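What follows is a short report on a single structure.
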Amino acid sequence: MLWGIALTLLLFDPFLVNAQPISETGFIYAELTYKSYPNYTRIVLNAKKGSLKNLQITKEATEESRLFIEFPEAPVLIKPSSVRIEDGLIKTVEIIDKGKRRYLTINMAVSTYHFKNMILTEPERFVIDIFRTDPERKYPITFVIDPGHGGMDQGITWSNKFKEKDITLDIAFRLMTMLQKVQGINVILTRNKDIDLGVRERAAIANAGYPSVFISIHVSMVNGFRIYTSEGIESSTIIHKPKADIERHKQYLWKFQQERHLSRALILADDIRAHLSETFKDEMVLAKRLPLAVLNSVDAPAIMVELPALDDTKKWSSDLFRAKITLALMKGILKYHGNAQRAPASEYKKER
């Protein structure tokens, strides 16, 4: 089966940007680097801008222990031409010729695995993350918490006293502290300090953690709570391919990742809505669907929670108010975690 790549994401990782591509007309020159992690191995090809746009991956049914990366646009020269990894997941990476075509071949040490791929920019590089699939091994449940805004992007501010970027980070830290007390749960923050972080970077960080849940925290301009799930993406708005090809490729394209999680995202939103409503009986809690970029590319049930406006300084100055928000969010997440197999409990209005 052949999978095309049609996505561009941004991710800052010092490991990815160390190697500099070689530039020469008529050929694709790429520099190969890799890094092994406990649960996966990342292979990176650094190349000249624009040369990786039609890169293709083939996983042949008769050769389950190999992945082939094809360069259809021009001849390819990769430095080094072969790498011995031997990390228990991948044996070697090498260049091979099959007929008139040249491939970068990843020789696997295991027969069961899965992978995700992406093209990142600044500088341009192709990244493939190959994950271990071990049915006997129990992996921790991972929840990703995304504190909105950060760095130069302050978000909503009020009377120079409160900034949205600070509120979201505070709630995220509180939520992480609570959830980490539950055995078997791992928590990742997309940012743990006051830094600039783009939408695509947030999704990339989340997906690298292989999460069970993704929650982005923001502050509303009005009173009450709002919980957003993705509307999904119309295939025709993303890539110009025949419908059959799009359906076949969807599960591998990051901009379509949320579609297969929408039903569970609705359950997650409903569970959190229920606990926020129970905790804050005087506050309105609305659940809606929006085409939010930060949710669309996440490969897990993903929601955005908007907290009440910052104009009530007495309320936001209260540690108890923030603690109650955090506890309600935690209860909703754990309720979802314990009942993720049930059907969506409610319908959500689309924002026009």
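The values are calculated or read from the model by the stated rules, or taken from the named source; none is laboratory data. These numbers were taken from a predicted model, which means no experiment stands behind them. Cβ coordinates were reconstructed from backbone atoms using ideal geometry, including for glycine residues, and neighbour counts include every protein chain displayed. SASA here: full protein model, heavy atoms, side chains in, ligands and nucleic acids out. Shrake-Rupley method; radii C 1.70, N 1.55, O 1.52, S 1.80 Å.
Tell me the carbon and sulfur percent of the accessible area for segment 80-133, rounded to whole percent, probe radius 1.4 Å.
47 percent
Just the accessible area per residue of segment 93-192, please: how many Å² with a 1.4 Å probe? Mind showing how you got there, number by number?
Values: 4880 Å² over 100 residues.
Computed with neighbouring chains in place, this is 49 Å² per residue.
Residues with amide H under 5 Å of residue 195's amide H, sequence separation 5 or more or different chain, H placed in the peptide plane at 1.01 Å from N; which?
Those lying under 5 Å, H to H, from residue 195 are 151.
Using 7 Å Cα-to-Cβ label points, what is the residue 141/residue 313 separation (nm, one decimal)?
For residue 141 paired with residue 313, the spin-label model returns 4.1 nm.
Report the FRET efficiency, 1/(1 + (r/R0)^6), for residue 92 and residue 293, where r is their Cβ-Cβ distance and R0 is 45 Å, rounded to 0.05.
So the FRET efficiency works out to roughly 0.75.
Work out, step by step, the length gained on full extension between residue 114 and residue 152: first 0.36 nm times the residue separation, then minus their alpha carbon distance; give nm to one decimal. Walk me through the intermediate numbers first.
Working: separation 38, 0.36 × 38 = 13.68 nm, distance 3.72 nm.
Extra length available between residue 114 and residue 152 comes to 10.0 nm.
Using mean Cβ contacts within 10 Å as the protection proxy, how do 213-224, 170-181 order, highest first?
On the way: 213-224: 20.3, 170-181: 17.6.
Going from most to least packed, we get 213-224, 170-181.
Which ³J(HN,Hα) values in Hz, rounded to whole numbers, follow from the phi angles of segment 207-215 under the Karplus curve 6.51 cos²θ - 1.76 cosθ + 1.60, where θ = phi - 60° and Gly and Pro get x?
Each residue's phi maps through the Karplus curve to give 5, 5, x, 6, x, 9, 8, 10, 10 Hz.
Could you give the C-alpha radius of gyration of segment 149-212 expressed as a fraction of 2.2 N^0.38 Å, taking N as the number of residues it contains?
Compared with the compact-globule rule of thumb, segment 149-212 sits at 1.24.
Whenever you get a sec, line up 37, 228 from highest to lowest accessible area (probe 1.4 Å, protein heavy atoms).
Numbers: 37 60, 228 20 Å².
Greatest to least solvent exposure: 37, 228.
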